[in-house]
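Before any comments, here is the structure.
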Amino acid sequence: MTVKAYGAHAGDQPLESMDIERRPVGPHDVQIDIAYCGVCHSDLHQVRAEWAGTLFPCVPGHEIVGRVAAVGAHVTGFAQGDLVGVGCIVDSCKHCDDCGVGLENYCDGMIGTYNFPTPDAPGWTLGGYSQQIVVHERYALRIRHPESQLAAVAPLLCAGITTYSPLRHWNAGPGKKVGIVGIGGLGHMGIKLAHAMGAHVVAFTTSESKRADALALGADEVVVSRNVEEMEAHARSFDLIVNTVAAPHDLDAFLVLLKRDATLTLVGAPATPHPSPEVFNLIMKRRSLAGSMIGGIAETQEMLDFCAEHGIVADIELIRADEINEAYERMLAGDVKYRFVIDNATLAA
């Protein structure tokens, strides 16, 4: 089936309207009419070939929400008309240890929603900046939020799970002091989620102007990371810090804020490496520097249900598909609160 999409033909070219093909609905497939798709920093890195291996044409988008249009003959978990989402994963090997415990995100054979090999035309996956997508039912997610919130649910499929997973894995909750570095698309979700989990939340920002916003999102305290005195006041006090910043910076400034046996977890993905941290800041307090990547399908469903229960959605700015190139420039400039979301109905315009 031919559908409208937005993508790029080369890393140095703007995104533009194009036609793409979607596969027929197989026995275990769900066909989804996409209503909205969030805009992730990863989209920009990949489509501009700042990350190696971009295949063109590239259609980004892995924060997908919409309605089931058709299901395969053997699908039992979804029906036509259901509200559903698709995140960063559309396939995996299904039989390795990671898949067996619901951690498809760490499967060596994981197939991402765009720019990963697939038998479907054109030979690699094409993402959610499109009118429709077809996925195996295993990788579709049920949305329990009110339909009126659907656009603001879209970023939960990447920004939400990317912060939820490390917060859950490192046991954020009552009695824990949790830091969130960066107050952007990922960071604003991290603040909301850590607050809902009952942790004492400290937001870190380089900008004094974001202090009031961070408090409004649910932070108990806000630290301007350029202020040495503010940083020193929190030395050796955190159980967990989740770093969402997608640009290289000094990690030692945050490592020294951890308690003994505490963890600094990186979820932001810079195009070039961070400066190497000072080893003594790790070994002297048995601190850990870790990473975390999205989450498995079961955990993503758990996150969506948690957010529905607690009334959590992303703070978004809705855009037309033909505004995506401007949105990328604004995203690079930090000029969005806090996630752009494409109204996919505008793809047909």
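The values are calculated or read from the model by the stated rules, or taken from the named source; none is laboratory data. Quantities reported herein were computed from a predicted structural model and do not represent experimental measurements. Heads up, the Cβs are rebuilt from the backbone with ideal geometry, glycines too, and the neighbour counts pull from every protein chain shown. The protein model used for the area step is the full one, side chains on, heavy atoms only, and it has no ligands, DNA or RNA in it. Shrake-Rupley method; radii C 1.70, N 1.55, O 1.52, S 1.80 Å.
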I want to confirm something. Restricting to the stretch 1-55 and keeping residues that are closer than 12 Å to Q132 by Cα and among the small types (G, A, S), which single residue is most open to solvent (accessible area, probe 1.4 Å)? A35
If you go through G296, G268, the only one that is touching a strand residue (DSSP E or B) at 6+ places or on another chain (Cβ under 9 Å), at pLDDT below 95 and either basic (K, R) or open to solvent by less than 30 Å² (accessible area, probe 1.4 Å) (or both) is G268
Please specify each residue of the stretch 69-86 satisfying the condition of being touching a strand residue (DSSP E or B) at 6+ places or on another chain (Cβ under 7 Å) and in contact (Cβ under 8 Å) with a residue 40 or more places away in the chain. A69, A70, V71, G72, V75, F78, D82, L83, V84, G85, V86
For residues in the stretch 186-235 being more than 19 Å from L251 (Cβ to Cβ) and assigned to a strand (DSSP E or B), which is least open to solvent (accessible area, probe 1.4 Å)? V201
Report yes if some residue within the stretch 275-287 is farther than 17 Å from P166 by Cα and either small (G, A, S) or within 21 Å of the chain's Cα centre (by Cα) (or both); otherwise report no. yes
Residue pairs within 8 Å by beta carbon, gap of at least six or interchain, first lying in the stretch 276-287 and surrounded by 11 or more Cβ atoms within 10 Å (Cβ to Cβ), second assigned to a loop (DSSP other than H, G, I, E, B), listed first then second, are P277/L251; N281/V256; N281/R287; K285/R236
Would you point out which residue out of H62, H95 is over 21 Å from the mean Cα position of the chain (by Cα) and not in a strand (DSSP E or B)? H95
Mind listing whichever residues of the stretch 120-155 are among the small types (G, A, S) and closer than 13 Å to L304 by Cβ? A140, A152, A154
